[in-house]
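First up is the structure itself, then whatever we jot down about it.
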Ligand SMILES: Nc1ncnc2c1ncn2[C@@H]1O[C@H](COP(=O)(O)OP(=O)(O)O)[C@@H](O)[C@H]1O
Ligand SMILES: [Mg+2]
């Protein structure tokens with residue numbers, strides 16, 4: 001049996017809207033195995049971000065069960081959820097979300113500061129991650145001095161630096177041109193193969209789709225294929 | 001992590017330099033205002049105490065009804081006995097006699113014909129009497145513009161404006177015309193030996209200063225005085241202490257049936273100084289309140305803007321597994337740091353300016369021409385223990401409160417909600 005690290009059963013997510021409720025996700029059943037390179041594909045507003053946030057323990061399901069790395073997301077306390085993210089999940093955002101006052105090196109080092117790690121180990125991890133993404137010559141730059149493609153590579157390095165089990169990437173190529181989009185996907189695909197990290201994307205970008213090993217189609221909060 | 005956050009704090013001027021600057025400015029202003037108000041009002045009170053009110057003052061009930069009249073027929077008689085009593089009852093206090101009186105001064109020419117004439121207020125103070133204790137109390141040495149302080153009976157000082165108006169100089173003769181304690185005509189020749197300027201319009205406009213004994217003689221006030229001024233041993237006015245003494249005295253010596261019985265007033269019961277004292281307390285209260293209020297709002301806004309600017313960072317920190325509580329706590333720690341620095345700089349700068357104003361003072365005499373109030377015309381700040389923390393503590397607290405208010409928004413929001421906002 002394949003090793004399932006994300007299991008979703010009969011999940012529903014509702015947001016309060018005026019006096020009633022708005023259903024963002026409905027009757028989701030999914031299982032994602034370790035080492036997959038999966039995309040959640042759907043138009044804007046279909047619920048992709050919501051789904052990733054719940055899997056990543058930044059949000060909770062309204063009904064049903066979501067199990068990420070053996071933890072039931074709906075039952076986690078704030079601190080336990082934080083710990084799960086801290087140890088095992090890397091996030092990549094559409095808008096890179098780099099910290100402008102820190103150097104590339106410091107941005108990548110940041111997630112390791114929460115993990116109690118020795119300074120020498122930390123340095124090695126950061127330099128490794130920067131090398132995977134071809135950023136070794138940008139170590140001292142600030143995000144403001146980088147191109148969009150370079151920024152997103154820094155963001156990938158930051159997500160990868162702690163060698164998480166899962167990387168959740170919310171429309172990572174939406175702000176990139178074709179060349180940079182291909183570039184970044186090739187790098188992530190390589191990392192997926194070499195390090196066996198599970199990648200879960202959300203996207204509606206055609207360019208991304210060719211790299212995926214599996215597609216989950218989402219429409220109006222429902223899985224349609 | 002702490003080092004990392006500090007690095008960010010220092011590099012991001014919107015989070016460090018600008019808040020520190022605004023706190024410093026607020027704290028500086030508060031410190032300066034407090035020292036300034038305390039200095040001016042304190043000087044005013046001290047000035048009044050030295051020249052007119054004492055810390056306490058004994059007069060007759062009748063005299064108290066209309067002190068401005070300075071009526072010598074309403075004087076206290078039997079001063080020596082009363083002074084003995086006062087010294088026995090309140091041995092720590094310093095009791096001195098003073099006579100204030102009204103009249104005319106007449107300047108004759110060589111042939112004895114009136115050259116000029118004008119109304120005067122006479123001050124009978126201790127120059128030759130009581131070891132010249134009023135020389136220091138009224139700062140006579142400093143007030144001298146010409147001539148010398150009287151060294152024998154019959155010598156007087158005249159205020160500079162009056163001397164100019166009457167066209168007299170040191171060494172000229174002057175004749176005082178008035179009425180005695182018993183209502184008969186008083187007339188006495190004096191030599192003007194000095195010209196004085198006190199820096200207070202009430203005294204500089206038209207005063208002559210003579211020795212207390214001379215005043216007693218001229219006005220026929222044997223063993224009598226118009227006022228007995230009392231000074232607390234500390235030399236500083238203390239309203240509670242003064243009131244206690246006055247109540248004690250009045251219960252023993254004052255008789256509401258007898259209008260010539262003595263009555264003791266405190267400084268605050270004279271010259272409207274009570275409202276001045278209350279004003280001083282309330283103004284300092286208002287400064288602090290306004291400061292905390294205004295600064296909290298300013299810092300709240302700085303915090304909000306800073307918080308908005310930091311959504312990315314906060315979202316990221318949540319994503320990499322810091323809990324909301326930890327993020328919020330660290331924001332508060334940062335604000336403590338910012339508040340400390342801002343308040344410290346502000347207090348130092350404020351103290352610097354206050355010190356300048358305390359030593360140099362600000363001369364506003366040209367703006368005070370027409371006042372007859374007993375106030376000095378050089379304004380000085382006064383640094384008190386309160387000055388050191390009046391800005392510091394509110395500066396620190398308003399920073400923390402401002403950040404806490406701003407941070408609650410972040411704290412209360414759902415993590416997912418923060419992320420949605422982060423995306424836009
Ligand atoms: N916190 C929220 N409160 C209310 N409605 C929300 C919230 N988050 C998402 N939604 C709604 O849920 C739907 C799905 O949103 P989202 O997951 O962001 O879609 P996608 O990422 O596919 O564009 C949208 O209609 C959005 O308006
Ligand atoms: Mg989305």
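Structure notes:
- Averaged over the residues of A:58-68, the number of partner chain Cβ atoms lying within 10 Å of the residue Cβ comes to 2.
- Over the protein assembly as shown: helical MRE at 222 nm, DSSP H runs n ≥ 4 each giving -39500 (n - 2.57), nearest 500: -14500 deg cm²/dmol
- Neighbour counts of C-beta atoms inside 10 Å place B:225, A:213 in the sequence A:213, B:225, starting with the fewest.
- Along its first, second and third principal axes, ordered by size, the stretch B:56-231 spans 52, 36, 27 Å in Cα coordinates.
- Whole-angstrom gap from the stretch B:163-211 to the stretch A:148-225, using each part's C-alpha centre: 100
- Residue-averaged beta-carbon neighbours from other chains (10 angstrom radius) around A:91-102: 5
- Rounded to 10°, Cα long-axis angle of helix B:273-309 versus longest principal axis of chain B: 20
- Alpha carbon centroid spacing (whole Å) that separates the stretch B:245-278 from the stretch A:97-132: 77
- Burial ordering of A:34, A:147, B:184, B:354, fewest other beta-carbon atoms within 10 Å first: B:184, A:147, A:34, B:354
- C-alpha long axis of helix B:392-412 to longest principal axis of chain B, angle in °: 30
- Ordering A:184, B:400 by the number of other Cβ atoms within 10 Å of each residue's own Cβ, fewest first, gives B:400, A:184.
- Fluctuation leader among B:20, B:408, B:292 - chain B, Gaussian network, Cα springs under 10 angstrom: B:408
- Choice from A:100, A:43, A:61 with maximal GNM fluctuation in chain A (Cα, 10 Å cutoff): A:100
- Alpha-carbon centroid distance for the pair the stretch A:1-59 / the stretch B:113-138, whole angstrom: 97
- Most mobile of B:186, B:202, B:319 in a GNM of chain B (Cα contacts under 10 Å): B:319
- Ratio of the Cα radius of gyration of the protein assembly as shown to 2.2 N^0.38 Å, where N counts its residues: 1.63
Rule-based calculations on the coordinates, nothing more; no lab input. Not measured: the values here are computed from a predicted model. Ideal geometry is used to build each Cβ from the backbone, glycine not excepted, and the neighbour counts take in all protein chains shown.
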